[in-house]
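Report on the following structure.
Read the figures in this text as sums done on the coordinates, not as results from a lab. A quick note: this is a predicted structure, and the numbers were derived from the prediction, not measured. Please note: Cβ atoms are built from the backbone with ideal geometry, for glycine as well, and neighbour counts cover all protein chains shown.
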Amino acid sequence: MTATDTPLSTSGPTATSQRVAVIGGGASGVLTAINLLVRSDDPSLEVVIHEASGIVGRGIAYGTNDQRHLLNVRARHMSAFPDSPSDLLDWALRTGRSSDPQGFLPRADFAIYLQDRLADVADDRLRVRAGRVQDIVATANGFEIVTERSRSTAAAVVLCHGNQPPRPLRVEGQDLPDAPWHVANPWELSRLRALPADASVVVVGTGLTAVDTVITLLEDSAERKVTMLSRRGRLPKPHVGQAHTAWVTKVPEGPLSADGLAEAVADECRAAAERGVGWRAVVDGLRPATQDLWRRLPHAERVRFLQVHAREWEVRRHRMAPDVALRLQRYRYEGRLAIRAGTLADVVDRGQRCQVTTDPAGVYDVDAIVNCTGPLADVRESQDPLLRSLLARGAAGPDPLALGLDATDDGRLRGADGRVVDGAYVVGPPRKGTLWESTAIPEIRAQAAQVAAAVVERTSRRSLAN
């Protein structure tokens with residue numbers, strides 16, 4: 001998909017009545033754009049994807065160029081279209097990438113798939129604009145979109161900005177300095193690859209991003225060593241071969257508490273085990289009900305879940321591909337990978353290298369520290385100019401748990417005063433506080449379809465009114 005820098009017309013209400021600005025060109029933005037184009041045959045509809053890089057389909061999740069970074073969901077569950085579950089598989093087979101429905105495709109291949117699917121439906125109603133959006137200002141006729149290079153107008157906006165970069169690593173209340181040994185962005189693969197062949201590295205975090213970072217570091221050189229550090233020292237659980245035994249997970253009824261929900265899941269796992277069914281089937285069986293269960297939890301119980309149970313859920317819900325798990329096991333056996341529970345206590349700058357002290361006690365002389373602590377959720381701490389502008393004016397606000405933006409269950413943005421912002425919507429990870437499950441393709445594609453339907457209906461009404 002080619003980007004364009006040509007300024008859009010701002011000549012008045014007619015010019016903007018059918019223009020929809022999609023902010024962000026990653027998976028959330030592409031799936032939203034596809035649904036907008038498919039759901040409307042109105043030739044006056046304009047869909048403008050604003051993507052800072054000008055390259056759609058990649059984002060943080062699928063922007064890697066390391067083919068060893070695999071999806072953590074089987075190919076048969078990753079279709080862009082819920083009513084066409086074999087679509088990704090058909091594409092992978094046709095393009096010679098894979099014929100295995102149980103396989104795990106490279107993340108970079110999924111980006112190409114999204115680009116191809118957008119190209120399939122693209123016509124002269126679609127534009128892609130390079131440049132970072134700095135602000136979105138409500139006007140009498142819709143919104144003004146302010147980018148680094150231009151200003152344009154739109155009748156509706158859909159915020160699809162995805163995950164934020166991780167919170168800066170801090171020691172004794174101070175951010176780590178900008179130093180040769182400090183890799184603040186784990187997706188700067190060139191920084192990782194430029195490390196010495198015998199480098200010793202501390203990776204802060206043990207989630208899926210940390211796992212991909214370890215793959216790049218240790219596969220590129222057999223002499224490197226990595227220590228993964230996180231509070232609990234817990235890796236994501238691995239996927240295993242597909243079980244043929246079906247399991248229908250019982251969904252608790254009545255009032256819910258975080259502890260009660262955790263115990264209900266544990267009971268289900270025990271019942272499944274007695275029948276020879278693994279816990280993975282129980283967790284997967286909860287997936288269709290997870291968002292409803294989250295909505296049913298009172299605010300205080302959501303807080304309790306985050307404090308006590310969230311990590312246990314995450315390591316089971318978001319699992320590693322089997323091949324990735326085997327690689328990590330081999331690294332540990334070879335003595336090249338260690339996993340520690342703890343936190344950064346002190347970091348001493350040694351020029352090109354540094355000395356790391358951890359709590360519990362551990363001292364490491366290393367060539368690099370890599371921040372893999374996961375995406376920043378609290379938008380109040382974001383450095384994104386758009387989010388900072390929206391929050392400063394009260395045009396948007398954090399959700400009550402500070403896991404993303406405040407929005408209704410159906411994706412309409414709320415301002416800081418709690419009121420719905422007419423014509424503004426949210427799709428993807430920023431809705432985690434409202435829906436909890438909001439970062440994987442099956443959930444994002446459902447959100448994109450729902451929001452696109454609402455936007456098309458709204459713009460159609462405005463067109464008739466004009």
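State the Cα centre-to-centre distance between segment 299-331 and segment 162-217 in whole Å.
20
Mind sorting Ile215, Ile136, Ile23 by how few other Cβ atoms lie within 10 Å of their own Cβ, fewest first? Present the calculation step by step, with values, prior to reporting the outcome.
Values: Ile215 19, Ile136 24, Ile23 27.
Listing Ile215, Ile136, Ile23 from fewest to most nearby Cβ atoms yields Ile215, Ile136, Ile23.
Note down the magnitude of the dipole of the chain about its Cα centre, charges +1 on Lys and Arg C-beta and -1 on Asp and Glu C-beta and zero elsewhere, to the nearest 20 debye. Intermediate results must be reported in sequence, preceding the final value.
Details: 58 positive and 57 negative charges, 79 e Å.
For the chain, the charge dipole is close to 380 debye.
When the helices in the chain are scored as -39500 (n - 2.57) per DSSP H run of 4 or longer and the sum is shared across all residues, what 222 nm value do you end up with, to the nearest 500 deg cm²/dmol? Don't skip to the end; give the middle numbers.
Values: 15 runs with 155 residues, N = 466.
Computed ellipticity for the chain at 222 nm equals -10000 deg cm²/dmol.
I need Asp83, Asp359 ordered by Cβ neighbour count within 10 Å, fewest first.
Arranged by neighbour count, lowest to highest, Asp83, Asp359 become Asp83, Asp359.
What is the Cα centroid distance between segment 351-392 and segment 31-46, reported in whole angstrom?
39
What is the percent of Cα-Cα separations in segment 258-317 that go past 13 Å? Don't skip to the end; give the middle numbers.
Working: 1122 of 1770 pairs.
Here the long-distance tail beyond 13 Å is 63 percent of all Cα pairs in segment 258-317.
Please state the shape class of segment 394-466: rounded when a/c is under 1.5, otherwise prolate if a/b exceeds b/c and oblate if not, all from the C-alpha gyration tensor. Don't jump to the answer; show the numbers that get you there.
On the way: a/c = 3.57, a/b = 1.32, b/c = 2.70.
Oblate, because a/c is 1.5 or more while a/b does not exceed b/c.
Quick check: from the Cα gyration tensor, does segment 239-338 come out rounded (a/c under 1.5), prolate or oblate?
Numbers: a/c = 2.66, a/b = 1.52, b/c = 1.75.
It is oblate, given that a/c is not under 1.5 and a/b is not larger than b/c.
Can you classify the chain as rounded, prolate or oblate using the Cα gyration tensor, where a ≥ b ≥ c are the square roots of its eigenvalues, rounded means a/c under 1.5, and otherwise it's prolate if a/b beats b/c and oblate if not?
Details: a/c = 1.57, a/b = 1.34, b/c = 1.17.
Prolate, because a/c is 1.5 or more and a/b exceeds b/c.
Calculate how many DSSP beta bridges within the chain are antiparallel, expressed in % of all such bridges and rounded to the nearest 5. Walk me through the intermediate numbers first.
Working: 31 of 66 bridges.
Of those bridges, close to 45 percent are antiparallel.
For a quick check: with amide H placed at 1.01 Å from N, whose amide H comes under 5 Å from Trp247's, ignoring anything fewer than 5 positions away on the same chain?
Under 5 Å from the amide H of Trp247: no residue qualifies.
Give the Kirkwood hydrodynamic radius (Å, one decimal) of segment 290-397, defined as one over the mean of 1/r across all pairs of different Cα atoms.
Numbers: mean 1/r = 0.0544 Å⁻¹.
Its Kirkwood hydrodynamic radius stands at 18.4 Å.
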